[in-house]
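Peer 1: Let me begin by handing over the structure; questions about it come next.
Throughout, read-outs are computed from the coordinates displayed, never taken from laboratory work. Bear in mind the structure is a predicted one, so any value in this text is a computation, not a measurement. As a convention, Cβ positions derive from the backbone with ideal geometry for all residues, glycine included, and neighbour counts pool all protein chains shown.
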Amino acid sequence: MPRSLQIALFVAAMAPLPLVIGSEFWLAWTTLALFYAYLGQSWNILAGYGGQFSFGHALFFGSGAYATAMLQIHLGLNAWAGFLLAAAAAAAVGAAVGYLVFRYGLRGSYFALVTLAFAEAFRVVANSLGITGGGVGLLVPLKPSVATMQFPEKSGFFWLVLALVGLGLILTAWLERSRFGARLMAVRENEDAARAIGVDAFRTKLAALALSGALAGSAGAVYVQMYLYLDPGIAYGPGMSIEALLAPIVGGLGTIFGPVLGAFALHGIAEIGKVGLGQAPGLNLVLYGVLLVLMVMFMPNGLFGLGRVTLRRLLPGVRNA
Amino acid sequence: MLDVIGVTKRFGGVVATDAVSLSVPAGSISALIGPNGAGKTTLFAQISGFVKPDAGEIRFEGASLLGRAPEEICALGVVRTFQIVQPFAGLTVRENIAVGAHLHRRRRREALDHADAVAERVGLGPQRDKQAAALTIAGRKRLELAKALATDPKLILLDEVMAGLNPSEIDEIIPVIRAVRQSGVTVLLIEHVMRAVMNLSERVWVLNDGALIADGTPAAIAADARVIEAYLGHGAASAPAAAATAHA
């Protein structure tokens, strides 16, 4: 089945859900799972396709969220315009950080640590500035309307996030069959070999970081309209960075649908955990930690990889499911 | 076409290449030989922009290559292969070759079609849907060649594409390299397989301890006393002569 058809089918199957799901809770749950699928797709493009493992993706999420929140509060900017500017601001942060990091040839764990450090530095800065509301955070005024991206009905957010997930899927599918994507995967596999046959690894990684940043930043902008509140811990804390990387790792790194599958699996498990283990704060993080260790040890290719292996065992001769 | 002029590179106290000068004419196949550690691969790394020379000049079609990044040098038409093969292991053979093909082809379709054509040229046609990681060593050597060829180079630097191959595999790849030259690509190869060097090259340079010690036709090189000494040790060149006298 062609990728475009798979994506269309997925979106078409998901779209009527708000009309079917009666409970507010489950609608919110599905919306949140889709939201983390979108954030995970952003990480997947950089790490799954580009091999650059960021441990501080909150840097982009938070920059987008703060950009739109500050523009709305201080300048009265429309949230939809804020959404686009948030993507642009996070892309710019990605390009700036990438320029520094890649210029000095930092790879692998050094890249991961530098992104983590930048996210922390931004958190400290956001904590101490007046314009970001400091540690108290920012309250975005409530103006329910489609025009302000604060949908009166919860289903509005569902459809917005679903559209973004669809966009992320299309972008990733394009990556798999474009020159940029081919170069990005070549850099992931072997940077020197890629350079030897004409790939500008520096520019390729920089573009991937900016693109990934734009997606994460736009996710931040949507988050602000959903919760109408932002503080440095939410924006730049490790929580979002972990959510961003867990979904694709659990679902399948470098696969188009991996982040979606991973986000639903993770949040399903987290929900079951809440029912089974009670509501102790931070418990979901413990669960995530255990899950991450198990995934990396036993299923390094994620749920998609597991599916492929099982299919191959059941149907010898199937090579690429 | 390629002019290397007095290129010197030191790593600490070791002189990897010592004022090496050579000049490769367009349309030729030439070889760079020498014992292990002679500086052959370091010279390739300097031509292709991976290592910066301490002194000297490298020109390709009159333009200096010094200070240019590997990808820029590749775009000018000089491409290298790696002695230790560097496939993109997680990609298929076709996708591997397409990365090179994309240098001058933006569209995916064109790059894949070109990759198929190059795969045929090097004899990887039947294996193009395989993962690169699943190839045998002979297959990986061909892939290394194919990735480089797909960039439409004017000059290709082949670093031991025959090392690790068995004699029949070597016999198979010699005509492939000859066909590369026939298609208008100049070839400079590093090789230890003397049968291939003798068979293919019009001109041979011999490096030893970083310095050029001889150059000429393959036949002249094989008879050169300095070359025999470099390979077999001091005094080796006079030994056959002495042995011949003793028998007489």
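Peer 1: Applying the Karplus parametrisation 6.51 cos²θ - 1.76 cosθ + 1.60 with θ = phi - 60° to the phi angles of segment B:3-11, what ³J(HN,Hα) value in whole Hz is obtained for each residue in order, glycine and proline being reported as x?
Peer 2: Values per residue, Gly and Pro as x: 10, 9, 10, x, 7, 10, 9, 10, 10 Hz.
Peer 1: I need B:His234, B:His104 ordered by Cβ neighbour count within 10 Å, fewest first.
Peer 2: Ordered by Cβ neighbours within 10 Å, fewest first: B:His234, B:His104.
Peer 1: Can you sort A:Ile242, A:Ile197 by how many other beta carbons sit within 10 Å, fewest first?
Peer 2: A:Ile242, A:Ile197
Peer 1: Which whole number gives the average count of other chain Cβ atoms within 10 Å of the Cβ atoms across peptide A:181-189?
Peer 2: 5
Peer 1: Do the alpha carbons of any pairs in B:Lys52/B:Lys154; A:Lys205/B:Lys9; A:Lys143/A:Lys274; B:Lys52/B:Lys130; B:Lys9/B:Lys130; B:Lys52/B:Lys141 sit beyond 28 Å of each other, and which pairs?
Peer 2: A:Lys205/B:Lys9; A:Lys143/A:Lys274; B:Lys52/B:Lys130; B:Lys9/B:Lys130
Peer 1: Moving on. Please arrange B:Glu160, B:Glu57, A:Glu24 by how many other C-beta atoms lie within 10 Å of their C-beta, fewest to most.
Peer 2: Exposure proxy ranking, most exposed first: A:Glu24, B:Glu57, B:Glu160.
Peer 1: For the protein assembly as shown, what is one quarter of the convex hull surface built on the Cα atoms, given in nm²?
Peer 2: Result: 32.6 nm².
Peer 1: May I pose another question? Specify whether the C-alpha gyration tensor of segment A:103-204 places it in the rounded, prolate or oblate class, a ≥ b ≥ c being the square roots of the eigenvalues: rounded for a/c under 1.5, otherwise prolate if a/b is larger than b/c and oblate if not.
Peer 2: It is oblate, given that a/c is not under 1.5 and a/b is not larger than b/c.
Peer 1: Same structure again: In segment A:3-259, with Lys and Arg counted as +1 and Asp and Glu as -1 at Cβ, which of these residues, A:Gly166, A:Ser4, A:Ala81, has the Cα nearest the positive end of the dipole, that is, farthest along it?
Peer 2: So the residue furthest toward the plus end is A:Ser4.
Peer 1: Have a look at the DSSP beta bridges in the protein assembly as shown and tell me what percent are antiparallel, nearest 5.
Peer 2: In the protein assembly as shown, approximately 60 percent of DSSP beta bridges are antiparallel ones.
Peer 1: Over all Cα pairs of segment A:3-259, how is the pair count split among 5 Å bins, expressed in % and running from 0 up to the last occupied bin?
Peer 2: The calculated distribution, bin by bin, is 1, 7, 14, 18, 19, 16, 12, 8, 4, 1, 0, 0.
Peer 1: Hey, another quick one. Just to confirm the number: angle between the C-alpha axis of helix B:137-149 and the first principal axis of chain B, 0 to 90 degrees, nearest 10?
Peer 2: Taking Cα atoms only, the helix is inclined about 70 degrees.
Peer 1: Next question. Under the rule a/c < 1.5 gives rounded, and otherwise a/b versus b/c splits prolate from oblate, where does segment A:207-293 land using the Cα gyration tensor?
Peer 2: Cα axes put segment A:207-293 in the oblate bin.
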